[in-house]
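J.: First the structure, then my questions, so here it is.
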Amino acid sequence: MKAIVLSDWGGPENFSIQDVPTPAIKPNEVLVQVKAFGVNPADFKTRTGTTPYSKNYQSPIVLGWDMAGDVVKVGADVTNFRVGDPVFGMVNFPQPGNAYAEYVAAPAADLAIKPTALPYEEAAGAPLAILTAWQALTEHGDLKPGEKILIQAASGGVGHLAVQLAKALGAYVIGTASGKNEEFVKLLGADEFIDYKSTNVTDAVSNVDMVFDTAGADTIFESAKVLKSGGRLISIAYGAMDKVLAERPDIRAERIQVHTSGEDLETISQLITEGRVIVKISEVLPADKIADAHQQLESRRTTGKIVLTF
């Protein structure tokens, strides 16, 4: 099969398309013919060889976790999928998912049936980002109907999904992004929009129940300041949470990492089927443009997700 192989840790110029063996499946896995695969910030960070994820790989190095496709082979212990089922999922995260390939061996527990109305490209762009948003809001943030939430970087790959999921959960949503994305964020359902380039968020927002911070760096300190006492700060970015808590000991602050869950994807699939959540695809590229996709992601200026196909 064809796969995008990383010859060495470092820049995107180290990618090339090569012939590699089609993976064998374990009893708890299915073999998926990949129709499309998504890229995420975790991908380019892993590519550099400097993250904890990088040490898990052996040659040939095939990155990627997000994919959508059709089941072509079913392991002996798998009872919830059949050959021909259209599926999507985040495979094996944070262990190697090997999704930059024509075929992927995926644990059945990591997958869900693809919503009928969702094209493969949109399905491939969803899993890591939408699971991150869902788990941040529910499992970690315990967001309740009527609560007020601030979502930092609301137009990004995770942020644009978090806005919609928070609205589906009945929250009042305030989103930050650059001014050019105001219309997009409001169309997603945000009740208020803040242009972080022209407005100090701490001047515009106060007394919120929860902040979901996808930006990181100094943003976490800004996020902490706008929380009410007892509020929750959930972040997916690296930051000095100990310093945040030293300044605001009356809040709960937590950095989280997404985990694979076909069960969560099934719940989210229902929201997608009902039209309550859409996946914004910034661009669909051919697989040989993987270096371009990584460079775009590293610019941190994409709106929505980038997806590739063989």
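The values are calculated or read from the model by the stated rules, or taken from the named source; none is laboratory data. Keep in mind that this is a model prediction, so the values were computed, not measured. Every residue, glycine among them, receives a Cβ derived from its backbone with ideal geometry; neighbour counts consider all protein chains shown. Note: accessible area is taken over every heavy atom of the protein model, side chains too, but ligands, DNA and RNA are not part of it. Shrake-Rupley method; radii C 1.70, N 1.55, O 1.52, S 1.80 Å.
J.: Is it the case, given these coordinates, that Thr303 is open to solvent by 20 Å² or more (accessible area, probe 1.4 Å), β-branched (Val, Ile, Thr) and in contact with a Lys or Arg (Cβ under 8 Å, 6 or more places away or on another chain)?
T.: Answer is yes for this residue.
J.: Among the residues of the range 17-48, what is the count of those that are among the acidic types (Asp, Glu), in a strand (DSSP E or B) and either under 18 Å from the mean Cα position of the chain (by Cα) or over 16 Å from Pro96 (Cβ atoms) (or both)?
T.: Summing the residues that are among the acidic types (Asp, Glu), in a strand (DSSP E or B) and either under 18 Å from the mean Cα position of the chain (by Cα) or over 16 Å from Pro96 (Cβ atoms) (or both) in the range 17-48 gives 1.
J.: Does Gly275 satisfy being exposed (fewer than 13 other Cβ atoms within 10 Å of the Cβ) and part of a loop (DSSP other than H, G, I, E, B)?
T.: Criteria met by Gly275.
J.: For the range 221-243, how many residues meet the condition of being modelled with pLDDT under 90, of a type in the set (A, V, I, L, M) and under 20 Å from Tyr196 (Cα atoms)?
T.: 1
J.: Here's a follow-up. I'm checking my understanding of the structure. Among residues of the range 51-63 that are farther than 15 Å from Ser7 by Cα and touching a residue at least 24 places away in the same chain (Cβ under 8 Å), which one is most open to solvent (accessible area, probe 1.4 Å)?
T.: Pro52
J.: Is there a residue in the range 162-176 that is of a type in the set (S, T, N, Q) and either under 17 Å from Ala237 (Cβ atoms) or free of Cβ contacts under 8 Å to residues at least 40 places away in the same chain (or both)?
T.: There is at least one residue in the range 162-176 that is of a type in the set (S, T, N, Q) and either under 17 Å from Ala237 (Cβ atoms) or free of Cβ contacts under 8 Å to residues at least 40 places away in the same chain (or both).
J.: For the range 1-26, give me each residue that is without any contact (Cβ under 8 Å) to a residue 60 or more places away in the chain and open to solvent by 70 Å² or more (accessible area, probe 1.4 Å).
T.: Ser7, Asp8, Trp9, Gln18, Asp19, Pro21
J.: Could you tell me which numbered condition Asp264 fails, if it satisfies all but one of (1) buried (at least 20 other Cβ atoms within 10 Å of the Cβ); (2) at pLDDT below 95?
T.: All conditions are met except number (2).
J.: Restricting attention to the range 203-233, and to residues there that are outside any helix (DSSP H, G or I) and polar (S, T, N, Q), which single residue is least open to solvent (accessible area, probe 1.4 Å)?
T.: Among residues in the range 203-233 that are outside any helix (DSSP H, G or I) and polar (S, T, N, Q), the one least open to solvent (accessible area, probe 1.4 Å) is Thr214.
J.: Residues Val87, Val62, Val30: which one is hydrophobic (A, V, I, L, M, F, W, C) and closer than 21 Å to Ile268 by Cα?
T.: The conditions single out Val87.
J.: Which one is nearest to the chain's Cα centre (by Cα) among residues in the range 64-73 that are crowded, with 20+ Cβ neighbours inside 10 Å and aliphatic (A, V, I, L, M)?
T.: Of everything passing the filter in the range 64-73, Met67 is nearest to the chain's Cα centre (by Cα).
J.: Identify all residues within the range 135-163 that are within 24 Å of Asn200 (Cα to Cα), not hydrophobic (A, V, I, L, M, F, W, C) and not in a loop (DSSP other than H, G, I, E, B); write none if there are none.
T.: Matches in the range 135-163: Lys148, Gln152, Gly159, His160.
J.: Search the range 247-261 for residues being in contact with a helix residue (DSSP H, G or I) (Cβ under 8 Å, 6 or more places away or on another chain) and assigned to a strand (DSSP E or B), and hand back the single one that is surrounded by the fewest Cβ atoms within 10 Å (Cβ to Cβ).
T.: Applying the filter and picking the extreme gives Glu254.
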